[in-house]
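Undergrad: Before I ask anything, let me first share the structure, which is written out below as structure tokens.
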Amino acid sequence: MTAGGPARPWGDGTRSVRAGEAAPVPGAPLRPSPVFAAPFHLGDRPPGADGADGYARTGQPTLRAFEAAVGELDGGRCLSFATGMAAITAVLLACAGAGDRVVLPSDGYYTTRLLARDELARLGLRVDLVPTPEVEAVAARGDLGGARLVVLETPSNPQLDVCDIAAVARATRAAGALLAVDNTTASPLGQRPLALGAQVTVGSDTKALTGHSDLLLGHVSTTDEEVLARLRSWRDHTGSTPGPFEAWLGHRSLSTFDLRLARQAANAAAVAELLAAHPAVSGLRWPWRPGDPSHAVASRQMLRPGGVLSAELPDAAAVGRMLGAARLWTAATSFGGVHSTVDRRAQWGGDDVPPGFVRFSCGIEDTDDLVDDLRAALDRV
């Protein structure tokens, strides 16, 4: 918490605006401008001496400011990466090696599974895929024995299943494994895996954290200094550091984080009611709706609702008709941004979903406008 803050914890809005800020200096800007240097003057000092910067691949002021802000929201030490995939790759390959067993979600982000199939196996890692709803039961049976690293993605993407992080964390610690949680869908304001017992949390900051669909960024936060050192070494050696302008824009975007999430959640609640009642829609998933299979765990574990829902239309043609009739819902494959989007997941392959399965990402448009537009588009289906 910034020096001089109140004794009680600050709320999410204040934390979003103030996270990572140093004490104010009279005459200085409220937030420093980005530092674009690649090399820095060394003088007669070796690189790193007295905390001086030497070369931007291993660290620079703008990056540290962004990392301080995200780490404060996560409750750990943060390292930023050029993309979300660079971040999850660092977790997998810095924390496990040839011969190690790694447990991944079979229903999580498809590219993570592609990475496991095409690269981890080639490098000699043993990968087991477990569905998110079954991870807790697998952990409770003691089936994590021999695992070096367990990765959760909760809520899962795209089907939005939730598992009990604290329960899995207890089992992974007992088994001597590291637990990493992909927290992209929930975001640092929606869920705090480190406080629930995970050693690592990872996120694609391209999504809700920066939220304007104009950046590629990712990050990893941890409470384990040894893990942090391994991740830093991996990033320094592989060169997956983001640029200063991206880090500066990411830090600037955090200021509206709480406001964006609140509007997205309100929109999602209204859209969920529309989807649940519409005859063209089936299989609605939104963990904060009573009756959802994940509602009990999400209500207990998560800090706020999210803006992403999933559902099924009759077929791919029905999705096309809906999108053709909509004015405010755009076909796009990302989520968490200020624009409302629809993604028909089967078009990308890899996810075991029906042709009409769609992921809705609610933006920050007016709720009534979004609902009216979607209702009219669904009626065309």
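The values are calculated or read from the model by the stated rules, or taken from the named source; none is laboratory data. The shown structure was predicted, so the numbers you read here are calculated from the model rather than taken from an experiment. Here the Cβ is made from the backbone with ideal geometry for all residues, glycine too, and neighbour counts use every protein chain on show.
Undergrad: Can you pull out every residue in segment 357-381 that is part of a strand (DSSP E or B) and touching a Phe, Trp or Tyr at 6+ places or on another chain (Cβ under 8 Å)?
TA: Of everything in segment 357-381, those that are part of a strand (DSSP E or B) and touching a Phe, Trp or Tyr at 6+ places or on another chain (Cβ under 8 Å) turn out to be R359, F360, S361.
Undergrad: Filter segment 272-284 down to the residues that are part of a helix (DSSP H, G or I) and out of contact with any Phe, Trp or Tyr (no Cβ under 6 Å at 6 or more places or on another chain) and list them by number.
TA: E273, L274, L275, A276, A277
Undergrad: Another question, if that's okay. I'd like the full set of residues that are among the aliphatic types (A, V, I, L, M) and in a loop (DSSP other than H, G, I, E, B), limited to segment 327-344.
TA: Within segment 327-344, L328, A332, V338 meet the criteria.
Undergrad: Quick one: L114 ticks every box in (1) assigned to a helix (DSSP H, G or I); (2) touching a strand residue (DSSP E or B) at 6+ places or on another chain (Cβ under 8 Å) except a single one, so which number is it?
TA: Just one mismatch for L114, condition (2).
Undergrad: Among the residues in segment 345-356, are any modelled with pLDDT of 95 or more and either within 27 Å of Q191 (Cα to Cα) or assigned to a helix (DSSP H, G or I) (or both)?
TA: No, segment 345-356 has no match at all.
Undergrad: Looking for something farther than 25 Å from V168 by Cα, free of Cβ contacts under 8 Å to residues at least 24 places away in the same chain, part of a helix (DSSP H, G or I) and more than 16 Å from the chain's Cα centre (by Cα) - is there at least one such residue anywhere in segment 227-246?
TA: Taking every residue of segment 227-246 in turn, at least one turns out to be farther than 25 Å from V168 by Cα, free of Cβ contacts under 8 Å to residues at least 24 places away in the same chain, part of a helix (DSSP H, G or I) and more than 16 Å from the chain's Cα centre (by Cα).
Undergrad: Just checking, does segment 250-260 include any residue being more than 24 Å from the chain's Cα centre (by Cα) and crowded, with 16+ Cβ neighbours inside 10 Å?
TA: no
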